[in-house]
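*Asks:* Following this message is one structure expressed as structure tokens.
A short reminder: the numbers here are calculations on the coordinates, not readings from a lab. Remember, predicted model here, so these are calculated numbers, not experimental data. Cβ placement follows ideal geometry from the backbone for every residue including glycine, while neighbour counts extend to all protein chains displayed.
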């Protein structure tokens, strides 16, 4: 997992509440068994016209937003089914941080396990961030647990375990492998492994 310590990036505001995982990535794109290749499916039904052309009115298609890495959105983001593909699609498109009012619990965990930092901020903070121009960057300072924009600083909470994983870049397998000697010593005591 790529670490996130201090991340500076521009934003994409999609301020709808209750964006579910089927809106993030529709079901027809779930056939791929890999964790990559979903960037064109992100918000598919909103991004494309019925004839398959990109909808020029949808913000993800705006040329000035193509380098954005921070999604600002409403409350209850990622509700619906538990599809991990939703986190994969965000990451594939280039989103590193999602700032919402709240998250579905399963979607929140899928983000943390796939290198997308989910941050909960109140409505007033998100409204302020959503008004930024496409060239105005914000700073997400994970060690200090703040989002900064100019003179504004917004604190956020995160579980210490997830904070450490993002800062180190370690996923669950990396952490397990740090204990390989202990695992091998334990297995050596079991008759079937001798």
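*Asks:* Antiparallel DSSP bridges in the range 6-193: what percent, to the nearest 5?
*Replies:* Taking every DSSP beta bridge within the range 6-193, about 50 percent pair in antiparallel fashion.
*Asks:* Select one label from (1) 23, 21, 18; (2) 30, 23, 20; (3) 33, 22, 14: the one whose number is semi-axes √(5λ) of the Cα gyration tensor in Å as derived from the coordinates shown.
*Replies:* (3)
*Asks:* Points 7 angstrom from Cα along the Cβ direction at residue 49 and residue 17: gap in nanometres?
*Replies:* Modelled inter-label distance: 3.3 nm.
*Asks:* What is the distance in Å between the Cα centres of the range 50-81 and the range 1-27?
*Replies:* So the separation of the two Cα centres works out to 9 Å.
*Asks:* So, one more: In what order do 190, 183 fall by count of nearby beta-carbon atoms within 10 Å, going from fewest to most? Walk me through the numbers on the way to the answer.
*Replies:* Working: 190 8, 183 11.
With the fewest neighbours first, 190, 183 line up as 190, 183.
*Asks:* Additional query: Sticking with the crude label model, points 7 Å out along Cα→Cβ, report the distance from residue 61 to residue 178 in nm, one decimal please.
*Replies:* 4.5 nm
*Asks:* Given Cα pairs under 8 Å that are at least 6 residues apart, what percent is the relative contact order of the range 6-193? Could you put the intermediate results ahead of the total?
*Replies:* Numbers: 319 pairs, mean separation 43.4, N = 188.
After rounding, I find 23 percent.
*Asks:* Sorting check: for 91-98, 167-174, which peptide has the highest mean count of neighbouring beta carbons within 10 Å, and how do the rest follow? Don't skip to the answer; put the middle values down first.
*Replies:* Numbers: 91-98: 20.0, 167-174: 12.8.
Ranked from most to least packed, the peptides come out as 91-98, 167-174.
*Asks:* Based on DSSP H runs of at least 4 residues, each adding -39500 (n - 2.57), what is the mean residue ellipticity at 222 nm of the chain after dividing by all its residues, to the nearest 500 deg cm²/dmol? Could the numbers behind the result be given before it?
*Replies:* On the way: 8 runs with 58 residues, N = 194.
That calculation yields -7500 deg cm²/dmol at 222 nm.
*Asks:* Taking neighbour counts of Cβ atoms within 10 Å as a proxy for exposure, in what order, fewest first, do 44, 152 appear?
*Replies:* Values: 44 17, 152 12.
So the residues, fewest neighbours to most, are 152, 44.
*Asks:* What is the order of 64, 151, 157, fewest Cβ neighbours within 10 Å to most?
*Replies:* Details: 64 11, 151 5, 157 8.
With the fewest neighbours first, 64, 151, 157 line up as 151, 157, 64.
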